[in-house]
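Novice: Just dropping this structure here.
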Amino acid sequence: MKLNRKLQLDDSKNIEAVDEIAGFKVRPGLFDVNGAMDLPYGVNFTIYTHYGTSCELLLFHREEEEPYAVLPFPKAYRIGDVYSMIVFDINIKDFEYAYRIDGLNLPEKGLLFDKRNVLLDPYARAVTGQSVWGEKKKRNYHSRVVRDDFDWGDMPQSSTEMCDLVIYELHVRGFTKHESSGVQHKGTFAGLREKIPYLKELGINAVEMMPIFEFDENMNSREVDGKLLLDYWGYNTVGFFAPNTSYTAADEYNQEGTELKELIRDLHDNGIEVILDVVFNHTAEGNEQGPSFCFKGIDNCIYYMLTPDGNYYNFSGCGNTLNCNHPTVQHLILECLRYWTVYYRVDGFRFDLASILGRNEDGSPMNNPPLLKTLAYDPLLRNVKLIAEAWDAGGMYQVGRFPANKRWAEWNGRYRDAMRSFIKGDFWESWNAAWSISGSGDLYGGFDPNYTGNYAGYNSCINFFTCHDGFTLYDLYSYNQKHNESNGWNNTDGSNDNRSWNCGVEGETDNPEVLTLRYRMIRNACAVLLCSRGTPMFLAGDEFGNTQYGNNNCYCQDNEISWLDWSYLEKNRELFEFFQFMIAYRFQHPVIRKRLPDAVCGMEPLHTHNTRADDMTIPRDAKTFAVSFIGYDKEKGRDDMVYLAVNAYWENVEITLPKLRKTGAWYLSVNTYGDGNGKYCYPEGEEVRIDGSFVMRPRSVAVFTGKGF
């Protein structure tokens, strides 16, 4: 009798077992359905291995180490490299499962088969074995079958362009774990869900979550000065299809992912997209000394890049490197992204160390990597945002050169470096700073609407001053040097290229002049970021001056160093309101985000300006310059005109503004120096008219809005 999907769904009474193994009725399964699937009459199990010679399915009672049943796959249950079996009359609530695979053990050839190893299903929708945060794994990883009956209703997929997003990067646990967060379910998806009204109030429309796939925070745990240090960030994936169970507020046996789906649904209902930080460059199995719990025991020489003598290439800096452009691994990654897109309605993915995805099986860079092209053109991923961290730990740096196929965006590392340098007064960065504010058209082709290159203009560029990896924005202007002593590596870890400035005092201070300057520098960075072409991204907590006490590599700090201290929100309410204003201002002026039709006033769409507005050339060592964005806003039926001026000098500088027609005038909307009465922003109706010239105060940013057209 033919077994097909129609029978599987509609005619379960006619599905019959053909064999009995270990006391269970079985039959060959659905070979093209990876992982484990709950069926009306049993469970389908499918796994594949190329070099493995035999495979066993192991069934465990919940939280037990020894299997209560071992079911070898008969030869007839294998097609090609795929083993598949339906086991009848078992309830997914009653068991966990894993595999054992036999084969040759020749490490020099990259073959590490050991029938004693209990192996996790690479397609597991839920992982057990280490589900309570901070508790060390007491047993092998097992998989659990998930019944997905979550109803998304008629929720449409977002159609927001990348350049119309304001991205807010956060760590799920750290966002609400601190006592000051005020939520009931601290450090969880539910806790983040409680903070949605805050995100709405701030005004962002996208959150980028640091890794939420199942990972082991205890993998490299250690104690330093009496504190337990963990792999807090989560860049050591255990299961690519499973949400981290320790991020849930309640047990979700066989319904894993529900809490995360509820969070995503509510974020979407509030106009906020969800981007996941995904790690396809390495896994938690580590190097030659690492454990074998999944890919090593299934097909080590296929899933990992190996040297000719069978050791691991380490382009990730974490011990191993996934062999992303092998067809088997390509298929796994594609299926993973499709799964999160369809079953979790995720809007985008940020790929950690994405340059690894463009390396060949021998580690060499590829001109047209098949994986990147496959993801770019996949029909299910058609409207999903793809964001690359366009470098890796092996020395490949591809900012402005990532193989994009007009679909991939990049974290713009040049923007970060140039703007950090220029804002603090490194004047030789003025050209790069001007390019960056203008949309990095030299990298991504944003100036020319008829651009036919590899990039998608302003949808290719993610601008940022800060992210999880480095200083917070407050620390960027409070420390000249990193202070990572608490990490236990004698302050040798973390980047030394921070381009930071302590404004006169290293670290904490009560000096009012230093504090005033620090908060002005933060406002400068915020104003420039949110008035730059491309997509702005900032780190959670920057909007209220959160600090990591000078630690620029908090990957191991599951404590007050990394957790957001929400008491700063009230302490620095003024700073929060500035961020709030700048986000709203960006949304009110589409000309900042993208090129609009030519303006009625006749002014050109984009220019850089010297201190005299009619001088549109700036010297390489400029201390002060401006950028104008001009275009016609069809929705409002008038010209949209924004003039951003940046003075990185420590003295007053007088600038002139572009001459407008008699009916038009420039109005001051933002002055980060303030008016002396604590006023930095001028909402519509309260702007100050500026005729001809304006005196930029030391180390300040001003934003002007053109009106009257």
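The values are calculated or read from the model by the stated rules, or taken from the named source; none is laboratory data. Every value quoted in this text rests on a predicted model; they were computed, and no experiment measured them. Positions of Cβ are generated from backbone atoms using ideal geometry, with glycine treated the same way; all protein chains shown enter the neighbour counts. The accessibility values were calculated without ligands, DNA or RNA, using every heavy atom of the protein model including side chains. Shrake-Rupley method; radii C 1.70, N 1.55, O 1.52, S 1.80 Å.
Novice: In the range 184-219, which residues are assigned to a loop (DSSP other than H, G, I, E, B), open to solvent by 10 Å² or more (accessible area, probe 1.4 Å) and of a type in the set (D, E, K, R)?
Specialist: 186, 195, 216
Novice: Does residue 613 qualify as being assigned to a loop (DSSP other than H, G, I, E, B) and open to solvent by less than 10 Å² (accessible area, probe 1.4 Å)? Give the steps one after another, and end with the answer.
Specialist: Working: assigned to a loop (DSSP other than H, G, I, E, B): yes; open to solvent by less than 10 Å² (accessible area, probe 1.4 Å): yes.
So residue 613 fits the description; yes.
Novice: For residues that are outside any loop (DSSP other than H, G, I, E, B) and of a type in the set (A, V, I, L, M), scanning just the range 354-372, find the one that is farthest from the chain's Cα centre (by Cα). Quick ask: steps written out before the conclusion?
Specialist: Let us first name the residues in the range 354-372 that are outside any loop (DSSP other than H, G, I, E, B), namely 354-359, 365, 370-372.
Among the residues that remain, those that are also of a type in the set (A, V, I, L, M) are: 354, 356-357, 371-372.
Details: 354: 11, 356: 16, 357: 16, 371: 19, 372: 17 Å.
Checking each candidate, the answer is 371.
Novice: Considering only residues that are open to solvent by less than 10 Å² (accessible area, probe 1.4 Å) and among the β-branched types (Val, Ile, Thr), look in the range 220-248 and name the one that is nearest to the chain's Cα centre (by Cα).
Specialist: The residue in question is 237.
Novice: Among the numbered criteria (1) at pLDDT 95 or above; (2) part of a helix (DSSP H, G or I), which single criterion is violated by residue 350?
Specialist: (2)
Novice: A further question on this structure: Select from the range 142-180 the residues that are in contact with a Leu (Cβ under 7 Å, 6 or more places away or on another chain) and among the polar types (S, T, N, Q) and list them in ascending order.
Specialist: 143, 176
Novice: Against the condition surrounded by fewer than 22 Cβ atoms within 10 Å (Cβ to Cβ) and touching a residue at least 40 places away in the same chain (Cβ under 8 Å), how does residue 256 come out, does it pass?
Specialist: No; evaluated as a whole, the condition is false for this residue.
Novice: For residue 701, are the conditions met, namely being in a strand (DSSP E or B), in contact (Cβ under 8 Å) with a residue 24 or more places away in the chain, within 23 Å of residue 587 (Cα to Cα) and not small (Gly, Ala, Ser)?
Specialist: Values: in a strand (DSSP E or B): yes; in contact (Cβ under 8 Å) with a residue 24 or more places away in the chain: yes; within 23 Å of residue 587 (Cα to Cα): yes; not small (Gly, Ala, Ser): yes.
The answer is yes for residue 701.
Novice: Tell me which residues, restricted to the range 379-388, are open to solvent by 10 Å² or more (accessible area, probe 1.4 Å) and either in contact (Cβ under 8 Å) with a residue 24 or more places away in the chain or touching a helix residue (DSSP H, G or I) at 6+ places or on another chain (Cβ under 8 Å) (or both).
Specialist: Start the filter on the range 379-388 by keeping residues that are open to solvent by 10 Å² or more (accessible area, probe 1.4 Å), which leaves 379-380, 382-383, 385.
If the condition is that a residue be open to solvent by 10 Å² or more (accessible area, probe 1.4 Å) and either in contact (Cβ under 8 Å) with a residue 24 or more places away in the chain or touching a helix residue (DSSP H, G or I) at 6+ places or on another chain (Cβ under 8 Å) (or both), then 380, 383, 385 are the ones that fit.
Novice: For the range 421-429, does any single residue satisfy the condition of being open to solvent by less than 10 Å² (accessible area, probe 1.4 Å) and in a loop (DSSP other than H, G, I, E, B)?
Specialist: No, the range 421-429 contains no residue that is open to solvent by less than 10 Å² (accessible area, probe 1.4 Å) and in a loop (DSSP other than H, G, I, E, B).
Novice: Given (1) hydrophobic (A, V, I, L, M, F, W, C); (2) in contact (Cβ under 8 Å) with a residue 24 or more places away in the chain; (3) closer than 18 Å to residue 439 by Cα, where does residue 563 come up short, assuming only one miss?
Specialist: With respect to (1) hydrophobic (A, V, I, L, M, F, W, C); (2) in contact (Cβ under 8 Å) with a residue 24 or more places away in the chain; (3) closer than 18 Å to residue 439 by Cα, residue 563 is out only on (3).
Novice: Among the residues of the range 24-74, count how many are touching a Cys at 6+ places or on another chain (Cβ under 9 Å), farther than 19 Å from residue 242 by Cα and open to solvent by less than 40 Å² (accessible area, probe 1.4 Å).
Specialist: Total satisfying the criteria: 2.
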